[in-house]
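Worksheet: one structure, shown below.
Only the coordinates and a few stated rules stand behind these numbers; no lab work does. Please read all numbers here as calculations on a predicted model, not as lab measurements. Every residue, glycine as well, gets a Cβ built from its backbone with ideal geometry; the counts of neighbours run over all protein chains shown.
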């Protein structure tokens, strides 16, 4: 594979104009396709085939006015006779909005301070009309709030700009050259545009969730910069070493760093595409969209990056000569970590284990109006309903039954506040059950289980959200086993070692635990919540853990690949395991640091600018990269490799360098040495 990628890099460098024109054609085609075929994204999280969703479909068919497609407009007073005219006018205005099929009578809470209109919609295109009616009512002195989707969604700023600025600063510090810093950014942005426009064009064929392209933005931008960074860094090292032939250096860099990029991207793509095995539609969409963005970033790094490097020539090196300080610092750091290897291993494991403790309290749920910022109108409507009617009014349950005595029996169940008959259709009776607890409370999930244990068919958005969260929680162990098994097999094939894949997968689990633990502490428990815009603290998104597993696994394997492959090259050349750890670490550590800082910057932009759905995902990924890069890869990995010594590279039936015997299995190491020799100046061979 290394030889093939080296030849591809050399071809793209020599035929740089062809490659550039080809990518321009691809870019224009993607933009044109999106402009012609793109359809609106959805905001629904649904799973087909569950009993609750099947029952809900039946309810929608038999009881069209049950809130199948609708929303709620909440008014707050005191609603005295003075306000009666304004409230009546609001009801008439809502009924006149195009796309609103029906408006219920005003429902008043005890005390008369809060009331609401339930809207049944025949079209999704109503926010403008509802917003106008709400503004008119507010002008009369009423407090009026609307549930999500009715009065328009607040615009959120793009998080990409923050990530790009941070990436540029890191790249300038790393390379000291505007050309070298700009090239990874250029390829990443172009790749991101191609990916996003393609995703939007695909909406003509399949309905996509709105989170899918946002995740693709975060991941596509981050890996696009990182992959080009590794190739550019290796090429610059070779030119600084004295290589006279730019094209040969590009090809050699592709054979080494490009090969690592290929396998690193393969792990990310496989992990994200593997989300399909969970068989949850919206999660599969998110995984495939992000995998597509990573695929584009990888192909662009292996084709457009060498072409642009050829255009840049020796300007990629810059005028400032390398001082060698980062390399010396990394070498000294590795020397300290390997000298105190036992302390480093124990200390890093303890740190990660402590950060993972909150995972024991992990709770999952789907987002609703109650998880939006307190300044949003849908959150205000949610809070008003909870204050006036009780927390359970925001998450009513629906029970479909043929038992005409069901209302009295269900009302006697613990945590049921009240039961409201909601319609009869033939033999079917629909009951609305108001829990005493809120939609995201554990008591409500317990109530749903208790009702089902008694034989009732329970549905409604709250019950569906509980079922989806449970389905995702059940899928977690299966998916985690899948990605860990894949990592072990892939690393076994690449490094031809037993212990390296084992330690890599175990260290990934530590990083994952730390990332999820920090996210639980901040977003579910509210620790340091104000610093990260947590409003309110609530159970985590039900798909967050499984999504973080897929993404963080790929990124973790990226750093493992780039760091350990350098150690492997060193060990293959001289057979000294301890020297291979320090010299291989020194070669790749600083570029891994730069890559991690870029990732953290991109994900940090998602925390600052993202919405309530994206913010905890971005935080978890940022925390995962932080702990994986700076605790696992920079401390635990070199310390463990030093502790294992030559045993780290052991594989049954394979002779290690320096042991004699048949080394035919080390053809790849020999090929790497030949590629290294290809760009060394004659006086240094």
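Translational diffusion coefficient of the chain (Stokes-Einstein, Kirkwood radius from Cα pairs, 10 °C, 1.306 mPa s): 58 µm²/s. Kirkwood Rh over alpha-carbon pairs of the stretch 363-494, then Stokes-Einstein at 25 °C and 0.890 mPa s: what D in µm² s⁻¹, rounded to an integer? D, rounded to a whole number, is 146 µm²/s.
As an equivalent ellipsoid, the stretch 172-292 spans semi-axes of 33, 15, 11 angstrom, where each value is the square root of five times an eigenvalue of the C-alpha gyration tensor, largest first. Direction-averaged shadow area of the convex hull around the Cα atoms of the stretch 334-397, nm²? Across all orientations, the stretch 334-397 yields a mean hull projection of 7.8 nm². Compute the whole-percent fraction of alpha carbon pairs in the stretch 521-566 spaced more than 16 Å apart. Every Cα pair in the stretch 521-566 considered, those over 16 Å come to 57 percent.
To the nearest 10 degrees, how steep is helix 81-95 against the longest Cα principal axis of the chain, on a 0 to 90 scale? Compared with the principal axis, the helix lies near 60 degrees.
Largest first and in whole Å, the equivalent-ellipsoid semi-axes of the stretch 501-610 read 35, 15, 11, each the square root of five times a Cα gyration tensor eigenvalue.
Neighbour counts of other Cβ atoms within 10 Å put 27, 229, 447 in the fewest-to-most order 27, 447, 229.
For the stretch 445-489 versus the stretch 90-139, the spacing of their alpha-carbon centroids is 35 Å. Sorting 167-178, 611-622 by their mean Cβ neighbour count within 10 Å, with the most densely packed peptide first, gives 611-622, 167-178.
Helix 160-175: angle to the longest alpha-carbon principal axis of the chain, degrees 0 to 90, nearest 10? The angle comes out near 20 degrees. Mind checking the angle between helix 614-627 and the chain's longest principal axis? C-alpha axes, 0 to 90 degrees, to the nearest 10. Orientation of helix 614-627: about 30 degrees from the principal axis. Taking all Cα pairs closer than 8 Å and separated by 6 or more residues, the relative contact order of the chain comes to 19 percent. Once the Cα-Cα distance is subtracted from the 0.36 nm per residue extended length, the residue 646 to residue 353 segment shows a gain of 102.7 nm.
Sorted by packing (mean other beta-carbon atoms within 10 Å per residue), highest first, where do 299-309, 106-116 land?
Ranked by mean Cβ neighbours within 10 Å, highest first: 299-309, 106-116.
Averaging the Cα positions of each part gives two centres, and for the stretch 528-543 and the stretch 328-383 these lie 13 Å apart. Taking each DSSP H run with n ≥ 4 as -39500 (n - 2.57) and averaging over every residue of the chain yields -20500 deg cm²/dmol at 222 nm.
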